[in-house]
Amino acid sequence: MRNIFKKLKIFTAIIDAFRNEPETIAYPREPLVLPKGHRGNILMLNPEQCSGCGLCVRDCPANALELIKDTRTKFRLDYYPARCAYCGQCVESCRNQAISHANNLADPTSNPDGSVIVLKDTLEKENEKDS
Ligand code: SF4
Ligand code: SF4
């Protein structure tokens, strides 16, 4: 009798699997649809909102952000995704809501320090103007 119940349970599970939506997605062939507040993906910046204050850099526990600052308006914000712990502290720290988790994953690399994303660069532009 127990065996019949077991088999019935498996049978209903198979029927459910056909009826319900798949629980996995074919990423990267299909886009990721992440729940609100999800952490763990590469960071992106809204450059218009970034003032170069450096709070995100100060609070990053993994040394994954770097700010090279010349003056108040001349700065470059670099991001090292392979160093990033994806903790979301920088997102919390930013008072301008300039930094957030994007909807894609970081590319794999064997050189964590060589993988760098320039999030904002006003150094070059300003230097061009100066010359
Ligand atoms: S998510 Fe965490 S580890 Fe990654 S850059 Fe932000 S503060 Fe640093
Ligand atoms: S991302 Fe936010 S916290 Fe980081 S430098 Fe820009 S404004 Fe400041």
>> Given the condition of a type outside the set (Ser, Thr, Tyr), within 29 Å of GLU30 (Cβ to Cβ) and not in a loop (DSSP other than H, G, I, E, B), answer yes or no: does some residue in the range 72-83 qualify?
In response: no
> Picking from GLU124, GLU92, which residue would you name as being in contact with a Lys or Arg (Cβ under 9 Å, 6 or more places away or on another chain), loosely packed, with under 15 Cβ neighbours inside 10 Å and assigned to a helix (DSSP H, G or I)?
Replying inline: GLU124
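Which of the residues spanning the range 67-81 are surrounded by fewer than 17 Cβ atoms within 10 Å (Cβ to Cβ) and within 15 Å of ligand 1 (Cβ to nearest atom)? Step through it out loud before you land on a result.
So in the range 67-81, the residues surrounded by fewer than 17 Cβ atoms within 10 Å (Cβ to Cβ) come out as 68-73, 78.
Selection gives ASP78 alone.
Of the residues that sit in the range 46-64 and are among the hydrophobic types (A, V, I, L, M, F, W, C), assigned to a loop (DSSP other than H, G, I, E, B) and more than 8 Å from ligand 1 (Cβ to nearest atom), which one is surrounded by the most Cβ atoms within 10 Å (Cβ to Cβ)?
Ranking the candidates gives CYS50 first.
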>> Against the conditions (1) modelled with pLDDT under 95; (2) more than 29 Å from GLU23 (Cα to Cα); (3) assigned to a strand (DSSP E or B), where does LEU67 fall short? Just the number, please.
In response: (1)
> Take the residues of the range 14-48 that are within 25 Å of the chain's Cα centre (by Cα) and acidic (Asp, Glu): which is farthest from LYS120 (Cα to Cα)?
Replying inline: GLU23
>> Against the definition (surrounded by 14 or more Cβ atoms within 10 Å (Cβ to Cβ), touching a residue at least 40 places away in the same chain (Cβ under 8 Å), away from ligand 2 (no atom under 11 Å from the Cβ) and farther than 17 Å from LEU123 by Cα), how does HIS101 come out, yes or no?
In response: yes
> Does LEU105 satisfy being in a strand (DSSP E or B) and more than 8 Å from ligand 1 (Cβ to nearest atom)?
Replying inline: no
> Taking only pairs six or more apart or across chains, which ones have beta-carbon atoms under 6 Å, a first residue in the range 106-131 that is farther than 22 Å from GLY54 by Cβ and of a type in the set (Ser, Thr, Tyr), and a second residue that is at pLDDT 85 or above and not in a strand (DSSP E or B)?
Replying inline: THR109/ALA82; THR109/SER115
> What are the residues in the range 26-58 that are among the charged types (D, E, K, R) and farther than 15 Å from GLN97 by Cβ, if any?
Replying inline: ARG29, GLU30, ARG39, ARG58
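The values are calculated or read from the model by the stated rules, or taken from the named source; none is laboratory data. Nothing here was measured: the structure is a model prediction, and the numbers come from that model. So basically every Cβ, Gly included, is an ideal-geometry build from the backbone, and we count neighbours across all protein chains shown.
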